[in-house]
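Here the structure is laid out as structure tokens; the discussion comes afterwards.
Values quoted throughout were computed directly from the atomic coordinates according to the rules given, and no laboratory measurement underlies them. Just so we're clear, the structure is a prediction, and the values are computed from it rather than from any experiment. Neighbour counts run over all protein chains shown; Cβ positions are idealised from the backbone, glycine included.
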Amino acid sequence: MADVSQVERRDLQSAATSHRGDRVFTRTVTGAAFTSLAVLAGIAIFLGIQSIPAFQTQGLSFLTTTGWDINTDPPTVGIFGMLYGSVLLAFIGLVIAVPAAVLLAVFMVFISPPRLSRVLTNLIDLMAAIPSVILGLWAFYILNPTAEQWQVLLNKYLGWIPIFENTSGNFLGTPFIAGFVLAIMMIPIITAVTREVLSRTPPDLINASEALGCSLWTMLRYVALPYGRGGIVGGIMLGLGRALGETIAVFFVLKIVFETNWDKIIESGGGSVATLIVSRFGEVSGPLELQLLLAAGFFLFIMTLIVNVVANLIVSRTGRLQK
Amino acid sequence: MSTTEYEGVMELDIEGIEQSALHQVGPTEMETRDLSVWFGHRKVLEGVNISFPKQTVTALIGPSGCGKSTFIRTLNRLHELIPGAALAGAVLYEGQDIYDGDVDPVHIRLKIGMVFQKPNPFPSMTIRGNVLSGLKLSGMKRDNHDDIVEQTLTAAGLWNEVKDRLGNAAGDLSGGQQQRLVIARALAVQPHVLLMDEPCSALDPASTLKIEETIRELSKEVTIIIVTHNMQQAVRVSDYTAFFLAEEGSPGHVVEQGATTEIFGNPQEQRTLDYVNGRFG
């Protein structure tokens, strides 16, 4: 007996992947995974290096001031208003999209007959497939003049709230309209994720709440939504990621101005980093301006990266709590 | 009903069950009259007439697929939440048909609580939060939440095990403890009837015994209707037994019902005799 058994400790990991096909497959998958990391790192490094001159000429004011005067020497440019604008537009979009998407998902999972909810699922997926340039065109020709009237009403009845002030009388090309377009783009994403998450509410818990005399509303509030919170936040962040980077649809409807529009969401004029880049890129004056635009892109990249990291943190934390 | 009535349930005399098994037939708490139940076009129960005397335990036995679980879900109007559900006949609770148009199903579900096969505490809530969740979910107002928590957990036989960690997540408890927590949760809204759908089928023997003790004690206060596949359990906990059977191609119905001692000791029907002796099912 004793001479058959090996006493030394043997590592079994290599034995587990000793099958040749498995080895090839494992390496291929690992390679593919690292490729995507390498691409991400490559983009970050490229943008980072390109944005060094922007900091050399502008210093920190590149991030803290707003303006784009390329004719002075050195140029006086700052993207604060654009960074802020990206956030503001995305926030307006979220305020509109989140309630709409969550209610839609609740309807599809808990209220609508299964057949209708299948139709809705397909329609909403179709909505996500609309190219943003088409959405931008539609927004320019249809939404812009329509929403102008909504904003006039908002201003007339709620104008005493600072965010609904409008002193210029110009209601076209406002952050509100741009945010509305972003909301249309976010709704399919948030709805799809929320629907998926809500439909996975364990039947046991739904049974429990029904047996405790729960109405649909209290079941949602205390059982289904808390259960799905992590996933729903994840869906919102996915939508937010799209909104922060969205360029062309916003470019169609927003009047780009190089100043910070803090809170006048139905006043004409605003901006975002992505629209700044697309609006200047075609008529860029020289290599320095190009590098300034790339630097702006670098910070947009960092901002979306932060949003994604925060989203992951939130999702994993709520996931832990549920366990 | 005052909550203090749950006190002192821990001392239980198992030997005493045999004698106490036949309560005097008291007033009826619930009864069904000619109850038939459908899922869409499929009839799953036909002509069920059972009455449940106040503060007794009735066991519903029968092979899988005979409609016991469906039956129990019609008693607190959970059946109707399934698409295509339909029913004929009446379910009387305190003399009123709970399917009458002016009856609020939420009210019914509060008076007729339910414990399911798989323990289903709310995982994101604490132990204390779970006990009180029925009050929160239904919007019911009751004072002295600390007392409610202690009394219901005591009644469910769980208090001594969890009194020092009421703030812990309910998911940390064992399966048997979770099931007793769920019983406490059902008791917190002060039901008159407690429906139990195979409450011990997912539990180990020791936990099962604890739940059975709990059932015996609770039956002094509430009317209990329990679905079980375990014949010994039916004998141990119930005063009355109804035997359900769905013969091939026909909907489930009650073959025989009566005092548990009669059903198991001296059944009138051959099929009942065969079933309780484990010859089929």
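Counting only DSSP H runs of at least 4 residues, each contributing -39500 (n - 2.57), and dividing by the residue count of chain A, the helix-based mean residue ellipticity at 222 nm comes to -22000 deg cm²/dmol.
Among the trypsin sites (Lys or Arg not before Pro) within the range B:196-226, those in coil by DSSP and having at most 15 neighbouring Cβ atoms inside 10 Å are B:Lys220. Could you check how many percent of all C-alpha pairs in the protein assembly as shown are farther apart than 44 Å? Everything past 44 Å amounts to 44 percent.
Farthest toward the positive end of the dipole of the protein assembly as shown, out of A:Leu300, B:Leu203, A:Ile206, is the Cα of A:Leu300, where the dipole comes from beta carbon charges about the Cα centre. The amide H of B:Phe244, built 1.01 Å from its N in the peptide plane, has B:Ile61, B:Gly62, B:Val255 as neighbours under 5 Å, considering only residues 5 or more places off or on other chains. In this structure, the amide hydrogen of B:Thr28, modeled 1.01 Å from its nitrogen in the peptide plane, lies closer than 5 angstrom to those of B:Lys54, counting only residues at least 5 positions away or on a different chain. Under a 5 Å amide H cut-off, with hydrogens placed 1.01 Å from N, B:Met196 pairs with B:Val115, B:Ile225, B:Ile226, B:Val227 among residues at least 5 apart or on other chains. Applied to the range A:114-130, the Karplus parametrisation 6.51 cos²θ - 1.76 cosθ + 1.60 on θ = phi - 60° returns per-residue 3J(HN,Hα) values of x, 5, 4, 6, 5, 4, 4, 4, 5, 4, 5, 4, 4, 4, 5, 8, 5 Hz, with x for Gly and Pro. I need the Debye-formula profile for chain A: one equal scatterer per C-alpha, no solvent, reported as log10 I(q)/I(0) at q = 0.12 1/Å, two decimals. Cα-only, vacuum Debye calculation for chain A: -0.97.
The range A:16-58 and the range B:217-247 have Cα centres separated by 64 Å. The residue among A:Leu89, A:Phe107, A:Ala128 whose Cα reaches farthest toward the positive pole of the charge dipole of chain A, with charges on the beta-carbon of Lys, Arg, Asp and Glu, is A:Phe107.
Within the shell of other residues whose beta carbon sits under 11 angstrom from the beta carbon of B:Gln117, the net charge comes to -2, with Lys and Arg scored +1 and Asp and Glu -1.
Our coupling estimate for the range B:62-73, obtained by passing each phi through the Karplus curve with A = 6.51, B = -1.76, C = 1.60 and θ = phi - 60°, is x, x, 4, x, 8, x, 4, 5, 4, 4, 5, 6 Hz, Gly and Pro reported as x. What's the whole-number percent of alpha carbon pairs in the range A:156-280 lying beyond 21 angstrom? Here the tail beyond 21 Å accounts for 56 percent of pairs. Backbone geometry of the range A:243-249 corresponds, through the Karplus equation with coefficients 6.51, -1.76 and 1.60 at θ = phi - 60°, to 3J(HN,Hα) couplings of 5, 5, x, 4, 10, 6, 5 Hz, x marking Gly and Pro. What does the helix-only formula give at 222 nm for chain B: each DSSP H stretch with n ≥ 4 adding -39500 (n - 2.57), the total divided by the residues, and the result rounded to the nearest 500 deg cm²/dmol? Helix contribution divided over all residues of chain B: -9000 deg cm²/dmol. In terms of surrounding Cβ atoms within a 10 Å radius of their Cβ, B:His41, B:His192 rank from fewest to most as B:His41, B:His192.
Set the Cα radius of gyration of chain B against 2.2 N^0.38 Å, with N its number of residues, and you get 0.98. Can you give me the Kirkwood hydrodynamic radius for the range A:1-149, using every pair of distinct Cα atoms, in Å to one decimal? Its Kirkwood hydrodynamic radius stands at 22.9 Å. Rg and Dmax, both from the Cα atoms of the range B:198-281 and both in Å, are 13.6, 40. With loop membership from DSSP and a limit of 13 other Cβ atoms within 10 Å, the longest segment of chain B without GluC sites (Glu not before Pro) is B:95-246. Which of B:Thr28, B:Thr152, B:Thr260 ends up with the largest GNM mean-square fluctuation for chain B, with Cα atoms connected below 10 Å? So, out of B:Thr28, B:Thr152, B:Thr260, the one fluctuating most is B:Thr28. When B:Asp274, B:Asp146 are arranged by Cβ crowding within 10 Å, least crowded first, meaning fewest neighbours, the order is B:Asp146, B:Asp274.
Exposure proxy for B:Ser51, A:Ser209: other Cβ atoms within 10 Å of each Cβ, ordered fewest to most, give B:Ser51, A:Ser209.
The charge dipole of the protein assembly as shown, taken about its Cα centre with unit charges on the Cβ of Lys, Arg, Asp and Glu (plus for the first two, minus for the last two), comes to roughly 1720 debye. Summary of packing: across the peptides A:229-240, A:68-79, A:294-305, the per-residue average of other C-beta atoms within 10 Å ranks them, highest first, as A:229-240, A:294-305, A:68-79.
The charge dipole of the range A:76-322, taken about its Cα centre with unit charges on the Cβ of Lys, Arg, Asp and Glu (plus for the first two, minus for the last two), comes to roughly 600 debye. Give me the net charge of B:Pro53's neighbourhood, meaning all other residues with Cβ under 11 Å from the Cβ of B:Pro53; Lys, Arg count +1, Asp, Glu -1. Computed value for this residue: -2.
Of the chymotrypsin sites (Phe, Trp or Tyr not before Pro) found in the range B:63-155, no site is in coil according to DSSP while having at most 11 other Cβ atoms within 10 Å of its Cβ. For the options B:Leu158, B:Leu137, B:Leu45, a Gaussian network treatment of chain B with springs between C-alpha atoms closer than 10 Å singles out B:Leu137 as fluctuating the most.
Using a Gaussian network model of chain B in which every pair of alpha carbons under 10 angstrom is joined by a spring, one finds that among B:Arg271, B:Arg180, B:Arg109 the greatest mean-square fluctuation is at B:Arg271. Other residues whose C-beta falls under 12 angstrom from the C-beta of B:Leu245 contribute a net charge of -4, scoring Lys and Arg +1 and Asp and Glu -1. What's the longest uninterrupted piece of chain A once you rule out the GluC sites (Glu not before Pro) that are loop residues per DSSP with at most 10 other Cβ within 10 Å? The reported range is A:9-282.
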